[in-house]
Amino acid sequence: MDETAVKRPSGRGRFISFEGGEGSGKSTQIKKLAERLAAARLRAIVTREPGGSPGAEIIRHLVLSGMGKLLGPDAETLLFAAARDDHVRSVIRPALNQGTWVLCDRFSDSTRVYQGKLGQVSPGILNAMQRVTIGDLKPDLTIVLDVPVEIGLTRAAARRGDAAPDRFEAEDLKFHQDLREAYRQIAAEDPRRCVLIDATADPDTVAAHVWTALRDHLFAMTSPTPSA
């Protein structure tokens with residue numbers, strides 16, 4: 001599809017989140033999509049969770065260092081909620097209101113998976129935190145990148161080199177297997193918003209599938225632009 005032929009929506013920007021296990025290629029695919037949107041003359045920003053804003057980046061350091069795990073799953077969830085609240089208020093909502101597209105490496109689905117399904121934090125706590133931090137805000141499209149656990153962990157290890165694994169990379173194999181299944185379940189339960197993409201292929205092939213998902217879910221809903 002020719003990027004110059006993309007129909008450009010007006011008004012509010014679009015919100016696209018990328019989800020998946022460790023080593024699924026989220027950062028690579030977000031970068032490729034940002035470049036393709038720029039070619040289509042669509043303003044887009046790239047951000048991440050936890051993090052994405054000055055306050056949230058401080059909390060990111062605490063969480064990935066393992067401090068949240070020491071405090072327990074409920075307290076760790078509160079840390080993520082505080083980071084998301086700052087991120088949404090400082091970055092995401094203002095960008096969307098200005099007509100900018102937001103490409104986010106992880107969002108609320110990660111909390112549902114990591115702290116909810118795997119950490120056993122109660123749905124009541126998760127729902128309360130969601131009401132406080134994001135209200136009715138949700139991604140227009142969520143790309144779930146799916147890779148077998150062994151492939152993802154091998155990629156993650158190659159990416160970090162000699163550095164120590166972070167809080168989540170250091171979890172055992174069963175954790176990562178459960179993580180993958182939880183994401184696959186989310187994609188299956190919400191097909192209008194989520195697209196599950198096989199991320200075992202080379203990055204350019206995966207990027208083509210991401211673009212197809214974007215075209216089918218978002219651009220198809222845009223009214224044709226009148227000819228000059």
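Coordinate-derived values only; no laboratory data. Here the structure is a predicted model, which means the values were calculated and not measured. Glycine also receives a Cβ, built like all others from the backbone with ideal geometry; neighbour counts cover every protein chain displayed.
As a rough footprinting exposure proxy, the listed residues Tyr183, Tyr114 were ranked by other beta carbons within 10 Å of their own, and the order from fewest upward is Tyr114, Tyr183.
Selection among Gly21, Ala34, Pro123 by position relative to the dipole of the chain gives Ala34 as farthest towards the positive end (Cβ unit charges, Cα centre).
Based on other C-beta atoms within 10 Å, arrange His176, His87, His209, His61 from fewest to most. Present the calculation step by step, with values, prior to reporting the outcome.
Values: His176 22, His87 28, His209 17, His61 11.
Fewest-to-most ranking of His176, His87, His209, His61: His61, His209, His176, His87.
The fraction of all Cα pairs in the range 11-220 landing in successive 5 Å bins from 0 to the largest distance is 1, 7, 15, 20, 22, 18, 11, 5, 1, 0, given as whole percents.
When the chain is treated as a GNM with alpha-carbon contacts under 10 Å, the residue of Arg180, Arg159, Arg60 showing the greatest mean-square fluctuation is Arg159.
Going by neighbour counts of Cβ atoms within 10 Å, the residues Asp202, Asp85 line up, fewest first, as Asp202, Asp85.
Tell me what the chain gives for mean residue ellipticity at 222 nm when only DSSP H runs of n ≥ 4 count, each as -39,500 (n - 2.57), the sum divided by the residue total, rounded to 500 deg cm²/dmol. Walk me through the numbers on the way to the answer.
On the way: 9 runs with 105 residues, N = 228.
It lands at -14000 deg cm²/dmol.
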